[in-house]
Amino acid sequence: MLETSTTGPDSVVPRVAEGVQRGAIGPMEPSDEELVLRFQRGDEDAFEAMVARWNEPILQLATRLTGDPEEAKDVRQMTLLKTYQGLSRFEGRARFSTWLYRVVLNLCRDRQRSHDARTRLTESSAEARDDGDYVLEETGFHVARDREVASVVAQAVLALPTAEREVLVLRHYHDLPFPAIAEVLGAPVTTVKSRMTRGLTLLRTRLAALET
Amino acid sequence: MKDLTPSGSCARMREEMPAFLYCELEAEARAELEQHLTGCASCRDELAAMRDARVALDRWRLASAGDDPRVLAREIRRQAEPAVVVPAALAPRPFMPRGSHGSDGSRGRLVRLAAMVSGSAAALFLALCALSTEVQVGDGSLRLGFTLPGKHSPSTTALAPELEQHVRSIAAQEVAMREPGLRQSQEELAQRYSFMTKEEMLQEILRLSQAVDVALAENQRSWDDRLTTLRNDAVRNDIDQRRAISDIYSYIRPASTDR
């Protein structure tokens, strides 16, 4: 049974693994926009820095949206390729991260339209995988239990409608504030908040159903 | 029977709960929600359910893929380089003899036959090279022109327009083949942006159409580049060939005069 608490939001503990959130940038590191400028001036290393910063967040976002690690790798490849090809024309009308998230979301939507990958995840990646390629993180001594719970949560998230799942994944796993999500989706903040409310409620209902 | 429909106030408060859970609520709105929660058991339950869901989300963790960014970046750069694609019509076809899965004996005969054919082809090629042969393809026929050593060598520029026309027709076919796919992509995008107003959607489609035009123009440019490369290669090969023939003759002539 999942823990229940009625105290304030601060009591809600563990956060998502560091480095996944918005392509974590250190205090001394250049911003994405600075890297774009450097690239546009012919500095090829700037692209490498960008890949180092973003490849993991892109992969994790795509995995949670498509439900398929292999599809996610394809999405990452396509996203980075589009980035490389589009950087010279990037004018900075939107923030770079906003643009990048849009690309990932659109690619994931395209792929989902072609086939229902969510079903595949429930059969493959959420199960215990031994290929060591892109497995669910194993923590502590309760590996089997952790995997089981992770699989249940993954199934519940992937069963959410796309609109709700996108908001929930961007907010929870990528730490994007609601206004930033609104910018990525091109929707009002109120709509984004409504989707999040619906997403969390649906998720709780589905988890309760899966637990029983 | 108890009414489970949230009142207007409750519905509004519930919309703010995710922002509350993720510490994004302004102080005033937060105070209002907390005030509401003290008097509304239904909303307290709702908030507890959302918090459960949020805690559960932390259980789905993904291990890092651990890919080397330098390798990834290199791969992307390689992919981004315009690939020289040989059109199917011009690509060499693998030798696939009928009954290639037959016995060793028949395979041996085929190998010997292939060796003889390729040997003959090589000999013919050398002969044509030595005679500075000019090959012209046109009107469904093949024309060969020979120039004896010492005479004025034929120019390869006569071949270029036909080659150019041929490559251009292949390029035009490719573009025509891709057009339906591009149109379908436009329709899909229109569906995707269904939340837009009609005017916004029309603008978006216009923007995409322009992007498609640009892509087509780039495609054409890329073919032009390939054509230039092909032409340059042909000229270079021709120069090399003449140089080789000249070398051969400078080697042969003293020997023949000795005799």
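Quick look at the numbers
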read-out: Pair list, Cβ under 7 Å, 6 or more apart: segment B:234-254 residue surrounded by 11 or more Cβ atoms within 10 Å (Cβ to Cβ), other residue modelled with pLDDT under 85 and in a helix (DSSP H, G or I); value: B:Gln241/B:Cys129; B:Ile245/B:Cys129; B:Ile245/B:Ala130
read-out: A:Leu160 of a type outside the set (Gly, Ala, Ser) and assigned to a helix (DSSP H, G or I); value: no
read-out: Any chance A:Gly86 is over 19 Å from the mean Cα position of the chain (by Cα) and not in a helix (DSSP H, G or I); value: no
read-out: Residues (part of a helix (DSSP H, G or I) and within 9 Å of another protein chain (Cβ to nearest Cβ)) located in segment A:170-184; value: A:Arg171, A:His172, A:Phe178, A:Pro179
read-out: Residue within segment A:63-73 that is modelled with pLDDT under 90 and of a type in the set (A, V, I, L, M, F, W, C) present; value: no
read-out: B:Glu32 surrounded by 13 or more Cβ atoms within 10 Å (Cβ to Cβ), outside any loop (DSSP other than H, G, I, E, B) and touching a residue at least 24 places away in the same chain (Cβ under 8 Å); value: no
read-out: Residue in segment A:92-114 that is at pLDDT below 90, under 21 Å from A:Leu158 (Cβ atoms), surrounded by 15 or more Cβ atoms within 10 Å (Cβ to Cβ) and more than 8 Å from chain B (Cβ to nearest Cβ) present; value: yes
read-out: Some residue of segment A:57-77 being touching a Gly at 6+ places or on another chain (Cβ under 7 Å) and either in contact (Cβ under 8 Å) with a residue 60 or more places away in the chain or within 12 Å of chain B (Cβ to nearest Cβ) (or both); value: yes
read-out: Filter result (among the polar types (S, T, N, Q) and facing chain A (nearest Cβ under 7 Å)) within segment B:39-69; value: B:Ser64
read-out: Candidate set from segment B:11-29 (those that are loosely packed, with under 14 Cβ neighbours inside 10 Å and in a loop (DSSP other than H, G, I, E, B)); member that is nearest to the other protein chains (Cβ to nearest Cβ); value: B:Cys23
read-out: Every residue from segment B:168-200 that is among the aliphatic types (A, V, I, L, M) and at pLDDT below 70; value: B:Leu182, B:Leu189, B:Ala190, B:Met196
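The values are calculated or read from the model by the stated rules, or taken from the named source; none is laboratory data. Since the structure is predicted, the reported quantities are computational estimates derived from the model, not experimental observations. Here the Cβ is made from the backbone with ideal geometry for all residues, glycine too, and neighbour counts use every protein chain on show.
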